[in-house]
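Remarks on the structure that follows.
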């Protein structure tokens, strides 16, 4: 999957709605040139096809030398481009910024995955829908490049019950609520977020498929895992999961790590060289 040209073109238009005044005023637009993008430090690459396509839409010819998910060392070349100065300078910063932001997310996701898999390679790291509005496609592509999976792409494709939902269900027993969800969404797993062990036990008894343990410490996850040892469902740890504590949550018994941490990761520096 690559982001649509219409999206990429809108980014170029946002940056130069009435052209590039500096390039136009210098009269250098038609001068031929070349440009390279390289990792300044170690990083996991993301959104490279989109960066390349941005430059193509600007009018440059591009050669990609590394793809999404590549683990790059300092100095590794990501892509090169040739073309007129007006094309190179138009696409330059938009493509660079996209690579830096997305690769920061991918690198963060990869660090969490590596920490989890150091304990158990079967663990899934799932990133939430809590990305900045309007950037979800970028965020999803970035975390996939880092080895994580989307926790949920939005409200439309998963059933995740929060306490806020239950506040509107009146005094119906939880078992009845879960049974109704299974009847209406027979092909979906029923996930419920819980904030304490008692609620987790009640939800498990009611028949949910996945318990999302919100802001449980690793020791609290371990307590839940012990109490639910015979329960056939899945325990997911959520809230505050990052590369520093991922291994602790896995050792505690979580089978899925739910996190938003990659979305707030610092960008990775991408060095751009432009010449004639």
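Every number in this text was worked out from the coordinates using simple rules, so none of it is lab data. Just so you know, these numbers come straight off a predicted model, no measurement behind them. Here the Cβ positions follow ideal geometry from the backbone for every residue, glycine too, while neighbour counts run over all protein chains shown.
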Crossing angle, helix 197-206 versus the chain [Cα axis fit, 0-90 degrees, rounded to tens]: 80 degrees
For region 114-264, what class follows from the C-alpha gyration tensor (a ≥ b ≥ c being the square roots of its eigenvalues): rounded when a/c is under 1.5, otherwise prolate if a/b is larger than b/c, else oblate? oblate
Once you place label points 7 Å from the Cα toward the Cβ at residue 172 and residue 184, how far apart are they in nm? 0.6 nm
Working from Cα positions, state the angle (0 to 90°, nearest 10) between the long axis of helix 85-117 and the longest principal axis of the chain. 30 degrees
Label-point separation, residue 155 to residue 74 (7 Å along Cα→Cβ), nm: 4.7 nm
If you rank 223, 164, 50, 187 by fewest surrounding Cβ atoms within 10 Å, what's the result? 187, 164, 223, 50
Kindly state, to the nearest 0.05, the FRET efficiency for residue 136 paired with residue 164, given R0 = 22 Å and r defined as their beta-carbon distance. 0.55
Have a look at the DSSP beta bridges in the chain and tell me what percent are antiparallel, nearest 5. 45 percent
Linear extension gain, residue 114 paired with residue 93, 0.36 nm per residue minus alpha-carbon span: 4.5 nm
With contacts defined as alpha carbon pairs under 8 Å and 6 or more residues apart, what's the relative contact order of the chain in percent? 22 percent
Given an 8 Å cut-off on Cα distances and at least 6 residues of separation, report the relative contact order of region 122-276 as a percent. 24 percent
Per DSSP helix of 4 or more residues, -39500 (n - 2.57); summed, then divided by the residues of the chain. What does that give at 222 nm, rounded to the nearest 500? -12500 deg cm²/dmol
Percent of C-alpha pairs per 10 Å bin, region 72-202, short to long: 10, 27, 27, 19, 10, 6, 1
Using the number of other C-beta atoms within 10 angstrom as an exposure proxy, rank 22, 217, 169 with the fewest first. 22, 169, 217
Segment residue 273-residue 7, length gained on full extension (0.36 nm per residue, minus Cα span): 93.2 nm
In degrees from 0 to 90, rounded to the nearest 10, what is the angle of the helix 5-15 Cα long axis to the longest principal axis of the chain? 60 degrees
Full-extension gain in nm, residue 63 to residue 198, via 0.36 nm per residue minus C-alpha separation: 42.9 nm
Simple label model, 7 Å out from Cα along Cβ direction - residue 124 to residue 217, nm: 2.9 nm
Going by C-beta contacts inside 10 Å, put 249, 263 in order with the fewest on the left. 263, 249
Based on the Cβ-Cβ distance of residue 31 and residue 234, what FRET efficiency does E = 1/(1 + (r/R0)^6) give at R0 = 35 Å, to the nearest 0.05? 0.05
With bins 5 Å wide starting at 0, give me the P(r) of the chain over every alpha carbon pair, in whole percents. 1, 6, 12, 14, 14, 12, 10, 8, 7, 6, 5, 3, 2, 1, 0
